[in-house]
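> Below is a structure I'd like to ask you about.
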Amino acid sequence: MTDATLHILALNLPVDTRHTHLTRQQGSHPDLPPLADWIGVADLDTDRIEMFPLEDLAGMPLSTYAAEAFDLEEGAMAGAAARMDALEGAVLLVPSSAVDRTPEPGAKATLIASLPMARADHAAEMPAASLARKPPAGVTPAATGRAGSTGTVLVGLLLAAALALLIWWVFI
């Protein structure tokens, strides 16, 4: 799969298991049902999915949670938000990076929506070096702190000489 997609599936049986990014971060490792079989894929990376009862959202719409947790493309929810927000029970959120193909769920899950996830825009070009900031007219590089001046070099040499004299005086 080339484009990143988030598959939203309603689970058609009571599920009280919580398997989310947060529960994994907290060290929870629940015994998961055979989710790959339920959604009709051969391989499922359970470290990338989320499964939880919708009551855990405490009133937050599923569409809002999915958009924020999985960085969905702007406008991706156009037709799916109402279906998602009307769900009850438990859901399974599966990014395309977690499966080997598009889910084809059986009787234990229903595909509600497949939504595009945001992706990096690599079409932009970097500005030319000639567009880099330049100091205002009349300001010297020494005044901007970008280059050393003769005074700075002289102070450095004087400090080095003083240090050498101090070492010579202490050890001789």
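> I'd like to check something: does the range 97-119 contain any residue that is modelled with pLDDT of 90 or more, of a type in the set (Asp, Glu) and touching a helix residue (DSSP H, G or I) at 6+ places or on another chain (Cβ under 6 Å)?
Within the range 97-119 (the criterion being modelled with pLDDT of 90 or more, of a type in the set (Asp, Glu) and touching a helix residue (DSSP H, G or I) at 6+ places or on another chain (Cβ under 6 Å)), the answer is no, since none of the residues qualifies.
> What are the residues in the range 41-88 that are surrounded by fewer than 18 Cβ atoms within 10 Å (Cβ to Cβ) and part of a strand (DSSP E or B), if any?
PRO53 - this is the single residue of the range 41-88 that is surrounded by fewer than 18 Cβ atoms within 10 Å (Cβ to Cβ) and part of a strand (DSSP E or B).
> Working carefully through the options LEU11, LEU72, find the one that is among the hydrophobic types (A, V, I, L, M, F, W, C) and modelled with pLDDT under 95.
LEU72
The values are calculated or read from the model by the stated rules, or taken from the named source; none is laboratory data. Bear in mind that the values here come from a model prediction, so they are computed numbers and not experimental data. When we count neighbours, we look across all protein chains shown, and the Cβ atoms used for this are built from the backbone with ideal geometry, even at glycine.
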